[in-house]
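Shown next, in structure tokens, is the structure this report addresses.
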2 protein chains.
Amino acid sequence: MTKRPRTELQSDLTPISDMCAAFDVTPRTLRFYEAKELLSPVRVGTRRLFTRRDRARLTLILRGKRFGFSLEEIRQTLDLYDRTGSDAAQRQRACEIARERLAIMEAQRAELDVAIAELKTELAASEARFPVTHRAAE
Amino acid sequence: MTKRPRTELQSDLTPISDMCAAFDVTPRTLRFYEAKELLSPVRVGTRRLFTRRDRARLTLILRGKRFGFSLEEIRQTLDLYDRTGSDAAQRQRACEIARERLAIMEAQRAELDVAIAELKTELAASEARFPVTHRAAE
DNA sequence: CGTTACGCTGACGTTAACGTCAACTGCTCT
DNA sequence: AGAGCAGTTGACGTTAACGTCAGCGTAACG
């Protein structure tokens, strides 16, 4: 028989190995993120079990990284997504930060469009300048 | 009377201080980029003079950084923009890299759209949960 | 019952992208 | 001539984001 936790496979609590496989990260990374308070897995004894919340946050973390944000910037933005139990001032601060991020991201999107257009132009010009070696024409 | 060109080509050759002011970077950064072969200013004696080409490249470098690319990734992509004097194999390689970057950037754009939409939703929900203008004394 | 195998905790190493500092040089102005 | 700068070259320091390794615990497998 394959090793299988008993009847309690509610899949809401994910062990570290599964997390690593699912998100393509190392254990070190997850422990590092926990240390930085980006994740907060529960403990069974000494072992970590990641929650649905952790998985959602990790998705956002990795996405943020791809956009070039630092972990600290990400951590602040993340708070918006589940800061339901804080006081008004904190929530307002979170909204403020989120609006800033939003502006940055929209600017980034605009710049990205320009960059993509430019690169396309340059690429087309570059490909036109020399015969593409045996590439099927359309 | 040493040689002294009075009518200098100031428009094309920019000293380091002007570069720093124009692009909001430090001298150290420009020297660092030169060491990494991202820039190649000409020398007058020991001093650097940045060309039009350097300015164009620096624009792309800083833009690339905002997108989260590393300097090395940027350097490779940059080659597409002025690798006119290389052999066919090199140009082809440059095009290949550029196409990869392009794909990455388009994926990034798509993901950015999603992220912006999500953040907007979350922000709207968060702002709806409590009055923004002033705290409702409930 | 021993031995993999996975997981944990320090603790130190690494890489990228600069910052900082010291010592020197060559103009320019007075 | 001297002072004041802008600029240069090492050389070492710093921060973020992990990698790597040693030493230990424990749970299951054969």
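The values are calculated or read from the model by the stated rules, or taken from the named source; none is laboratory data. On a predicted model such as this, the values are computed, not experimentally measured, just so you know. Here the Cβ is made from the backbone with ideal geometry for all residues, glycine too, and neighbour counts use every protein chain on show. Heavy atoms of the whole protein, side chains included, go into the accessibility calculation; ligands, DNA and RNA do not. Shrake-Rupley method; radii C 1.70, N 1.55, O 1.52, S 1.80 Å.
Numbers at a glance
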item: Check on residue A:48, more than 10 Å from chain B (Cβ to nearest Cβ), surrounded by 12 or more Cβ atoms within 10 Å (Cβ to Cβ), of a type in the set (D, E, K, R) and not in a helix (DSSP H, G or I); result: yes
item: Near pairs, Cβ below 9 angstrom, 6+ apart or cross-chain, from the stretch A:28-41 (open to solvent by 40 Å² or more (accessible area, probe 1.4 Å)) to any residue that is within 8 Å of DNA strand D (Cβ to nearest atom) and not β-branched (Val, Ile, Thr); result: A:32/A:71; A:36/A:71; A:36/A:72
item: Verdict on residue A:54 being of a type in the set (D, E, K, R) and crowded, with 17+ Cβ neighbours inside 10 Å; result: yes
item: Residue count, the stretch B:78-88 (criterion: at the interface with chain A (Cβ under 8 Å from one of its Cβ atoms) and open to solvent by less than 40 Å² (accessible area, probe 1.4 Å)); result: 1
